[in-house]
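Report on the structure given below.
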Amino acid sequence: MLNRIIGLTGGIGTGKTTVSNYLADTYQLPILDADIYARDAVQPGSPILNRIIARYGSDVQFPDGTLNRKRLGEIVFPHPGERQWLEQQIHPYVRDRIKSQVNTLESPTVVLVIPLLFEANMTDLVTEIWVVHCPQEQQIQRIRERDRLSVEQTQSRLDSQLPLAEKVARADVVLDNSSTRKFLLQQVDQALARNGNKQYT
């Protein structure tokens, strides 16, 4: 019986994957990743991908039928209206998949990795919220190194999310990833050791 549903979130490039991998590997906690479901939503032939192609044209599709995420990002990130339209296609699918998967789990604790937990209004799915944060300078450096983006592309992705300070203000647990990996994971150990039975909506 589930009694603890941790919503793990933060800004792009803050270290959510490091935390979720640690929780899975060290504590064997089930991890439900919203990004995986978001990718499932746009598989070749899916209704959502078909709507995306109808709106933006074949430029957003590779010859093998898969979604060209980089090209789609170039279109939607600079334009809030287009990004909102895209999210309206994908977020309901992701929510439904998470809810159905949570219902199949027997572990007393589960981790939902939802980068847009606040933006997609999914806080009602969790009993506590963990936010991973770091200074924006570090965040920008990590994003650029990982995704090979320009300064402008990086900034447009940061601007597409709720400011990290607002996420921190709404968190039950704040994980500081401005120092070493060891320091970050020590905070994870401490947070997990706490009793997490409060319900947040």
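Of all the options ILE31, ILE53, ILE140, the one that moves most in a Gaussian network model of the chain with Cα springs shorter than 10 angstrom is ILE53. Here r is the Cβ-Cβ distance between SER150 and ASN103 and R0 is 30 Å; the resulting FRET efficiency, rounded to 0.05, is 0.10. How big, in percent, is the set of alpha carbon pairs in segment 51-150 lying more than 21 Å apart? Within segment 51-150, distances greater than 21 Å cover 53 percent of Cα pairs. This model, with +1 at the C-beta of Lys and Arg and -1 at the C-beta of Asp and Glu, gives segment 84-145 a dipole about its Cα centre of some 120 debye.
Between GLN186 and ASN3, residue separation times 0.36 nm minus the direct Cα-Cα distance comes to 63.6 nm. Database remark: amide H of ILE129 closer than 5 angstrom to the amide H of GLY7, ASP172, VAL173 (H placed geometrically; neighbours at sequence offset of 5 or more, or on other chains; Pro and chain starts carry no H). Charged side chains reduced to their Cβ positions (Lys and Arg at +1, Asp and Glu at -1) give segment 25-104 a dipole of some 200 debye around its Cα centre. Please give the FRET efficiency for GLN141 paired with GLN43, using the beta carbon to beta carbon distance and R0 = 35 Å, rounded to the nearest 0.05. My answer for the efficiency is 0.60. Per-residue 3J(HN,Hα) values for segment 101-109, derived from phi via the Karplus relation 6.51 cos²θ - 1.76 cosθ + 1.60 with θ = phi - 60°, read 6, 4, 5, 8, 8, 10, 5, x, 9 Hz in sequence order (x marks Gly and Pro).
For segment 90-97, backbone phi angles converted through the Karplus equation (6.51, -1.76, 1.60; θ = phi - 60°) give residue-by-residue couplings of 8, 4, x, 4, 4, 4, 4, 5 Hz, Gly and Pro being listed as x.
Considering only VAL102, THR154, VAL132, the residue lying farthest towards the positive end of the dipole of segment 39-173 is THR154, judged by Cα position with unit charges set on Cβ. Work through the residues other than GLY13 whose Cβ is under 10 Å from its Cβ and net out their charges, Lys, Arg +1 and Asp, Glu -1. The answer is +3.
Couplings 3J(HN,Hα) for segment 124-130, derived from phi with the Karplus relation 6.51 cos²θ - 1.76 cosθ + 1.60 (θ = phi - 60°), are 5, 7, 10, 9, 7, 10, 10 Hz, where x marks Gly and Pro.
The numbers here are math on the coordinates, done by the rules we state, and not lab data. Small disclaimer: the values here were computed from a predicted structure and weren't measured. Glycine also receives a Cβ, built like all others from the backbone with ideal geometry; neighbour counts cover every protein chain displayed.
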